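The values are calculated or read from the model by the stated rules, or taken from the named source; none is laboratory data. All values derive from a computational prediction rather than experimental measurement. Virtual Cβ from ideal backbone geometry, glycine too; neighbours counted across all protein chains shown. Just so you know, the surface numbers come from the protein's heavy atoms only, side chains and all, with ligands and any DNA or RNA stripped out. Shrake-Rupley method; radii C 1.70, N 1.55, O 1.52, S 1.80 Å.
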Amino acid sequence: MKEGETSASPLRMVAFVFSLLKNEEWPIRRAIAICGLLIPLAAMVNAAGPVALAWAVDSLSVSGTGALSLLGAYAVLLWLGKALTELQWAAYGPIEQRMLRRFSQTMFRHMQEQPYSFHIRKKTGELSRILTRGSSAAQAVLLNGSYFVLPIGLELILVCIILSASTSVFFGLVMGVCVVVYGALVVRGTEELRAISRQTNAESTAAHGIAFDGITNFETVKFFGAERWLETRLDYRLERAERSANKRQVRRAWLGVTQWSVLAGAATILLLSAGIDVQRGNMTVGDIVLVNAYVLRLVRPLNNLGRIYRVVRLALIDLEAAHALIAIADKNVPGRGSKVLPGGQGAVSFENVRFQYGSGPPVLEDVSFNVQPFETLGIVGASGSGKSTITRLLLRFFDPDSGVIRIDGTSIDSVSPLAVREAISIVPQDSVLFNETLRDNLIIARPEATEVEIRKALDLAQLKEMVTKLPNGLDTAVGERGASLSGGERQRLAIARAVLKNPRILILDEATSALDTKTERSLLEALRLLTGRMTIIIIAHRLSTLALANRVLVLNHGNIVEQGQPESLRAAGGHFARLWAAQLDQKSLKEARS
């Protein structure tokens, strides 16, 4: 079974939808109770209406005594049935909206709780499609299950009972057999449609993912002139979805013809039999009116029931994918642990830590080091040496395969990932921003930050002048993924955000890689003010950033091969010295070409 699918039964899926409404407050529980009362009451009223009409017809054909009262009762029952139905809608509305709210909350919470490994595997466009369809599917299941399937089922049972009691058992049996045969056709036909729809949805979801990726990464597409290539990939998926959808439509049409034939056959048998019995004197004119009314009442709900069953069953396909995401979350989220990380000053230790991604080769092997409170530690090494993996482990994006990581003496695997991350700020190499204002992108680090604290963070990140020039200042929107800002501005905003959090531990992961030399030098001087106030870990390719570091670790193939002060390591002539010399050669080459 592929990831994202599930073998959960339809009943389990329905139970999942209704479970979203458990433990609700009194107004919602009251609305559920009112619906539970109105549904059977409306079914009984709707089933009783034709009986009053039949009695009125018989009364008119004999003496007319009481006919007007019966006709009035029939009219009242028609009105009451409609009124009860509308009251059901009024009571149902808040229930549906609350369920949709809980569904969105549940799915969003689970997506946010997913480990790093989940998000790097999943396509954002496909996730968006699954969640959108899942919400519509949950709505369809709740609406059709509680508002249509249950009332129609109750009404059909009452019709069969009343018809058998008022005429003969034969008429009740014919109607009952019709319901069973029709239901069997609906179930079988819908299962066939379900298999086709699963394929249609898979192709449509893949197409949505391609389109979403193309829109999100429009710059890359334009850089390489890949518009036609991407369009071809998209059209291939759309063409497969089109063929599958057409096949589903043809099969649905044949299913409709077959089902309608069953209804027409049952209606013919019932009406002809009633007509014969009236001619023989075994039934009254009112009885044939009753049979005709129930035939009409049989056709409408059964036709609706078939349509509703198909809608619900096909909606369950979409709900399965959303439900599977929750199952993945339950399996893959790291151990939660305590909600609070004990206080401290930002000491960090790695003790014999080993880690590998999936079945790949080890990225870190038996790594051990300590970072003292308020120390500034640099970590360098060639690409793939394990530098960024240390950051991901410290943030509990992953748990190590073996060994222990501690913050202020506490093993972080005994603390929830959220509590660990509350103690850490990071400036990543690729600083992605929300499509919100500058202020919103800052206060995500600390929503309760004051205006003075925000301004101080901006000053430190060398952003004060830029913000002053903007027409709306901090309330200026930054665009999708911060597209309206330059790479350097995005990185400086990320630095301001990290500083605003005022963490125990600040991680700078290539934090100045997008900055020019002058801005980098100025920013390093500002960051120097933070040394001695928090523990700082610098992941660096540009070794100029290490001007802040008291001590440097050199990684090579997942092992610490050197550590010490930058000056001592340069003089030692080892790995660090070679990295330093290589970077100086690159700098000289750039200057010669400029």
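With charges only on Cβ, +1 for K and R and -1 for D and E, what is the dipole size of segment 446-511 about its Cα centre, in debye, rounded to 20?
I would put it at about 120 debye.
Using amide H atoms built in the peptide plane, which far-off residues or other-chain residues are under 5 Å from GLN356 H to H?
Hits under the 5 Å cutoff: VAL363, ASP401.
How would you order 465-471, 352-358, 489-495 from highest to lowest mean count of nearby Cβ atoms within 10 Å?
Most protected by this proxy first, the peptides run 489-495, 352-358, 465-471.
Could you give each residue of segment 284-295 its phi-based ³J(HN,Hα) in whole Hz, using Karplus coefficients 6.51, -1.76, 1.60 with θ = phi - 60°, and x for Gly or Pro?
8, 5, x, 5, 5, 5, 5, 4, 4, 4, 6, 4
For n ≥ 4 DSSP H runs only, could you compute -39500 (n - 2.57) per run for the chain, divide by its residues and tell me the 222 nm figure to the nearest 500?
-22000 deg cm²/dmol
Along the charge dipole of segment 124-227, Cβ charges K/R +1 and D/E -1, which of THR220, LEU131, VAL181 sits furthest on the positive end?
Highest projection toward the positive end goes to VAL181.
Which distance in Å, rounded to a whole number, links the C-alpha centroids of segment 138-192 and segment 373-392?
If you average the Cα positions of each part, the centres end up 67 Å apart.
Would you work out which of ILE196, ILE405, LEU470 lies farthest towards the positive end of the dipole of the chain, given +1 charges on the beta-carbon of Lys and Arg and -1 on that of Asp and Glu, about the Cα centre?
The Cα lying farthest towards the positive end belongs to ILE196.
Suppose every Lys and Arg Cβ carries +1 and every Asp and Glu Cβ carries -1, with no other charges. What dipole size does the chain come out with about its Cα centre, to the nearest 20 debye?
It works out to roughly 340 debye.
If I compute P(r) over Cα pairs in 20 Å bins from 0, in percent from the structure I just sent, which labelled value in [x] 15, 35, 25, 15, 7, 1, 0; [y] 18, 47, 28, 6, 0; [z] 17, 43, 32, 8, 0 lines up?
Derived directly from the coordinates: [x].
For the peptides 67-75, 313-321, what is the packing order when you average, over each peptide's residues, the other Cβ atoms within 10 Å and list the highest mean first?
Averaged packing, sorted descending, gives the order 313-321, 67-75.
What spacing in nm lies between the two simple spin-label points modelled at GLN429 and GLN112, each 7 Å away from Cα in the Cβ direction?
Label at GLN429, label at GLN112, 2.9 nm between them.
Convert each backbone phi in segment 380-396 into a coupling constant with the Karplus relation 6.51 cos²θ - 1.76 cosθ + 1.60 (shift: θ = phi - 60°), then list the ³J(HN,Hα) values in order as whole Hz, x for Gly and Pro.
10, x, 5, 4, x, 7, x, 4, 5, 5, 4, 4, 5, 5, 5, 7, 6
Provide the per-residue ³J(HN,Hα) series for segment 423-434, in order, calculated from phi with Karplus coefficients 6.51, -1.76, 1.60 and θ = phi - 60°, each as a whole number of Hz, with x at glycine and proline positions.
Karplus values, whole Hz, x for Gly and Pro: 8, 10, 10, 9, 10, x, 5, 9, 8, 8, 10, 6.
Could you put VAL452, VAL179 in order of accessible surface area, largest first, with the 1.4 Å probe and the full protein assembly present?
Sorted descending by solvent-accessible area, the residues read VAL452, VAL179.
Students often check this: by mean Cβ neighbours within 10 Å, which of 229-241, 202-214 ranks highest, and how do the rest follow?
Ranking, from highest mean packing down: 202-214, 229-241.
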